[in-house]
Amino acid sequence: QDALMFWARAGGVSDDLRAWLGEQVEETQILWQQVGWLDRSRRMLIELTDQLEARDPTNAWTRQYERIYFESQLMTLTRTVHSNRRKGVRRASLTLLLDGFGRRPELLGALSGTWAPEELHEPADPAADRLKLGRLMKPLMPWRDKVVAHLELDLRLPDLAWTELDDAINGVIDVFHRYSLRLTGVRYQVDHEGPEWQKWQKVFTQPLFEG
């Protein structure tokens, strides 16, 4: 309903656009979960490893946790960005969302009026944003292909800094924010925390193991 009301203010909604908006909103809800996972996992890693490093910078579990984090984030980034259409199978990804907007030039122009969020006062360029995501993901893909998704014996890999993983996460969150806003007129709160996440640190306030 938010998307229909938003674009009705912009000039009306045809039956064809109504159906398209409905499909995109459904897929955007799925992407919201994935982008929220990327953000939450990163914040938890930083908070937890800061405490672990302060207690014992040589502890092997911290390095193991970092590897679990890296592999999980890399696969979450991949499916959030790169999933494509398959015959008979519906998928959600930022690539598909951007491609969809690219086929809807009537939705890409600058919007004005009190009902239009300030971020939409400039036109959108989904083709440029897709290229941007590709550039951010490029240094990560050899690691996904050779180490995480498969076990290749040819392990010639480019150097990879943690900042490159962070840059990709930030880029994904940025693109999601801008196009979910353009789709619905609603700012999806990526860092929203339900009650089950608000006190996750509590389990670590007491020893987990004896001795």
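Brief remarks on what is shown
- Loop-located trypsin sites (Lys or Arg not before Pro) in region 49-144 (DSSP state not H, G, I, E or B) with no more than 14 neighbouring Cβ atoms inside 10 Å: Arg85, Lys87, Arg90, Arg91, Arg103.
- Tilt relative to the chain, helix 162-184 - C-alpha long axis, 0 to 90 degrees, to 10: 30 degrees
- Trp115/Asn59 FRET efficiency (R0 41 Å; Cβ-Cβ; nearest 0.05): 0.15
- Region 1-114 - convex hull of the alpha-carbon atoms, volume per residue in Å³: 144 Å³
- A 1.4 Å probe, protein heavy atoms only, puts the accessible area of Met75 near 70 Å².
- Derived scalar couplings ³J(HN,Hα) [region 108-114; Karplus, 6.51 cos²θ - 1.76 cosθ + 1.60; whole Hz; x for Gly, Pro]: 9, x, 5, 10, 9, x, 5
- Part-to-part distance (alpha-carbon centres) for region 143-211 and region 33-98, which is given in Å: 3 Å
- 5 Å binning of all Cα-Cα separations within region 113-211, expressed as whole percents from 0 upward: 2, 9, 13, 12, 13, 12, 13, 12, 6, 3, 2, 1, 0
- The radius of gyration of the Cα set in region 55-156, together with its Dmax, comes out at 19.2, 58 angstrom.
- Carbon and sulfur %, accessible surface of the chain computed with the full protein complex present, 1.4 Å: 54 percent
- Given 12 as the ceiling on other Cβ atoms within 10 Å, longest exposed-site-free region of the chain for GluC sites (Glu not before Pro) in DSSP loops: 1-151
- Rounded accessible area per residue of the chain, 1.4 Å, Å²: 62 Å²
The values are calculated or read from the model by the stated rules, or taken from the named source; none is laboratory data. Not measured: the values here are computed from a predicted model. Here Cβ is always computed from backbone atoms with ideal geometry, including for glycine, and neighbour counts include all displayed protein chains. These accessible areas exclude ligands, DNA and RNA; they are computed on the full protein's heavy atoms, side chains included. Shrake-Rupley method; radii C 1.70, N 1.55, O 1.52, S 1.80 Å.
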